[in-house]
Amino acid sequence: MTDRSPLAPAAFPALPAIAGVTLRVAKARYKNWDRCDLTYVELDAGTAVAGVTTQSKCPSPEVEWCRDAIPMGQARAVVVNAGNANAFTGHRGRAAVEAIAAKVANHLSCQPSNVFVSSTGVIGVPLPIDKAEAGLEAAFTAAPCCWEDAANTIGTTDTYAKGAHVSAMIGDTRVDLVGIIKGSGMIAPDMATMLGYIFTDAAVDPALLQQMLSTANKRTFSCITVDSDTSTSDTVLAFATGKAGNALLASMDDAGADAFAAALSDLCRQLAHLVVRDGEGASKFIEITVEGAESDASAHRIALSIANSPLVKTAIAGEDANWGRVVMAVGKAGEPAERDKLAIRFGTTQVAAGGLALDGYDEAPVAAHLKGQDIVIGVDIGLGEGRATVWTCDLTHGYISINADYRS
């Protein structure tokens, strides 16, 4: 890992074990490095699965494999390869995924479709089957590891391990949800924007788990962006082992379903924020809220236009209160907007309304706000009730340095 992001949490959180989940890591040596780069998660029989995947039209074979397996609703294992995305690799890439799933299925005496596979790293290089199989052999006999080890192992350009925990009550039963995630660049909200894995001991029907995850995704992972680029490999998977002993959640009408769905959404939001806080070269975490749009969807698109604007992002990096760039980004979004109804604020300071700067506008409090690490931008379109919030980071020279040298 490179220098730790200045926006990183002080430390990796203390995460509880999830019954029915065993973590192991190993060295497959996909790149010329001396680090663990294969994560193997074994799941007890009966574990339910749900997932969301990239909307890229050039997905990896791992994504296609997961898409085919998710509707079956059952999982016994997850394998995550770091350092090689295995995307745009034709039949050789598919063969690697099939070989991994077959080897794990043979080890666990389960169906290959119960094995979920993800890969992340350089695009266009086939995943070496021999290295993957050797890495799996090492993982099968490795001692179980902790969440932080697994979170470190799935990373590529990440500067810190990312994990989070929430809990919920289903009737009288407490259930825990733990998530780990990787992501730093090639982050855009066309589903999930990274690799994320959520584990819970709750008993949840696969169809309901899928419904809950899809809903949470729309409010969290699909509301973050670092650089507007959508990965070929984005995947978020949720696994429910059922070991907590709660009454099975099969419908949103079931007691405790609302609490569990809220906890899942909270966990996804925490994980999504961790990705943005590790944006390549980032020095500022930016929250952008757009209200007063004609619809929520319109507000979302306007917010993303602001969040993805290089001019807005570089102004924030330079701590420049250039609200004119926000006006520009609203205007280019292609959504209904009227100049003379537009209002903009930075932090709690209103800077413009009615299509022009406020009389007596004092830039000093805005400049002070921009010197902090957590930046808030608010925009009121003035046309309707639509509202959306997205999260992004600034754009610095560090982003260029990381990506100019990525393959080396």
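Take the residues in the range 209-224 that are of a type in the set (A, V, I, L, M, F, W, C) and in a helix (DSSP H, G or I), then tell me which one is nearest to residue 270 (Cα to Cα).
Looking at residues that are of a type in the set (A, V, I, L, M, F, W, C) and in a helix (DSSP H, G or I), I get 221.
Hey, residue 116 hits all of (1) aromatic (Phe, Trp, Tyr); (2) farther than 21 Å from residue 151 by Cβ; (3) under 21 Å from the mean Cα position of the chain (by Cα) but one; which does it fall short on?
(2)
Can you work out which of the residues in the range 124-163 that are of a type in the set (A, V, I, L, M, F, W, C) and outside any helix (DSSP H, G or I) is nearest to residue 13 (Cα to Cα)?
Here is the first cut: in the range 124-163, the ones of a type in the set (A, V, I, L, M, F, W, C) are 125, 127, 129, 132, 134, 136, 138-140, 142-143, 145-147, 150-151, 154, 161.
Among the residues that remain, those that are also outside any helix (DSSP H, G or I) are: 125, 127, 142-143, 145-146, 154, 161.
Working: 125: 34, 127: 32, 142: 24, 143: 21, 145: 15, 146: 11, 154: 17, 161: 10 Å.
The residue in question is 161.
Give me a count of the residues in the range 153-175 that are of a type in the set (Val, Ile, Thr), surrounded by fewer than 23 Cβ atoms within 10 Å (Cβ to Cβ) and farther than 17 Å from residue 265 by Cα. Explain how you work it out, then say what you get.
Kept after step one, since they are of a type in the set (Val, Ile, Thr), are these residues of the range 153-175: 153-154, 156-157, 159, 166, 170, 173, 175.
Add one more test, that the residue is surrounded by fewer than 23 Cβ atoms within 10 Å (Cβ to Cβ), and what stays is 156-157, 159, 166, 173.
Cutting the leftovers down to farther than 17 Å from residue 265 by Cα gives us 156-157, 159, 173.
The total comes to 4.
How do the strands (runs of 3 or more DSSP E) wholly within the range 287-384 filter down when requiring 2 or more residues that are over 23 Å from residue 276 (Cβ atoms), among the hydrophobic types (A, V, I, L, M, F, W, C) and not assigned by TED's automatic domain parsing to the domain that holds residue 224: which remain?
Here the list reads 349-353.
Table: residues versus (1) surrounded by 13 or more Cβ atoms within 10 Å (Cβ to Cβ); (2) modelled with pLDDT of 95 or more; (3) among the small types (Gly, Ala, Ser); (4) within 23 Å of the chain's Cα centre (by Cα).
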{"residue": "359", "(1), (2), (3), (4)": "no, no, no, no"}
{"residue": "363", "(1), (2), (3), (4)": "yes, no, no, no"}
{"residue": "376", "(1), (2), (3), (4)": "yes, yes, no, yes"}
{"residue": "379", "(1), (2), (3), (4)": "yes, yes, no, no"}
{"residue": "387", "(1), (2), (3), (4)": "yes, yes, no, yes"}
{"residue": "390", "(1), (2), (3), (4)": "yes, yes, no, yes"}
{"residue": "398", "(1), (2), (3), (4)": "yes, no, yes, yes"}
{"residue": "402", "(1), (2), (3), (4)": "yes, no, no, yes"}
{"residue": "406", "(1), (2), (3), (4)": "yes, no, no, yes"}
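On the basis of being among the small types (Gly, Ala, Ser) and outside any loop (DSSP other than H, G, I, E, B), does residue 121 make the cut? Talk me through it step by step, then tell me what you get.
Details: among the small types (Gly, Ala, Ser): yes; outside any loop (DSSP other than H, G, I, E, B): yes.
For residue 121, the condition - among the small types (Gly, Ala, Ser) and outside any loop (DSSP other than H, G, I, E, B) - is met.
How many residues are over 19 Å from residue 220 (Cβ atoms) and crowded, with 22+ Cβ neighbours inside 10 Å if we restrict to the range 243-287?
The qualifying residues number 5.
Residues checked against (1) surrounded by fewer than 21 Cβ atoms within 10 Å (Cβ to Cβ); (2) among the hydrophobic types (A, V, I, L, M, F, W, C); (3) at pLDDT below 95; (4) farther than 27 Å from residue 392 by Cα:
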position: 192; (1), (2), (3), (4): no, yes, yes, no
position: 210; (1), (2), (3), (4): yes, no, no, no
position: 213; (1), (2), (3), (4): no, yes, no, no
position: 223; (1), (2), (3), (4): no, yes, yes, no
position: 229; (1), (2), (3), (4): yes, no, yes, no
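Assess whether residue 357 counts as being touching an Asp or Glu at 6+ places or on another chain (Cβ under 9 Å) and of a type in the set (A, V, I, L, M).
no
Which of the residues that make up the range 66-88 are part of a helix (DSSP H, G or I) and within 19 Å of residue 199 (Cβ to Cβ)?
Result: 66, 69, 70, 72.
Does the range 17-34 include one or more residues that are buried (at least 22 other Cβ atoms within 10 Å of the Cβ), under 27 Å from residue 219 (Cβ atoms) and out of contact with any strand residue (DSSP E or B) (no Cβ under 6 Å at 6 or more places or on another chain)?
no
Could you go through the range 244-257 and let me know if any residue there is more than 12 Å from the chain's Cα centre (by Cα), modelled with pLDDT of 95 or more and part of a strand (DSSP E or B).
Taking the range 244-257 first, the residues more than 12 Å from the chain's Cα centre (by Cα) are 244-257.
If we keep only those that are modelled with pLDDT of 95 or more too, we end up with 244-257.
Narrowing further to those that are part of a strand (DSSP E or B): 249.
Checked against the condition, which is being more than 12 Å from the chain's Cα centre (by Cα), modelled with pLDDT of 95 or more and part of a strand (DSSP E or B), the range 244-257 yields at least one hit.
The values are calculated or read from the model by the stated rules, or taken from the named source; none is laboratory data. Nothing here was measured: the structure is a model prediction, and the numbers come from that model. FYI the Cβ positions are ideal-geometry reconstructions off the backbone, even for glycines, and counts take in every protein chain you see.
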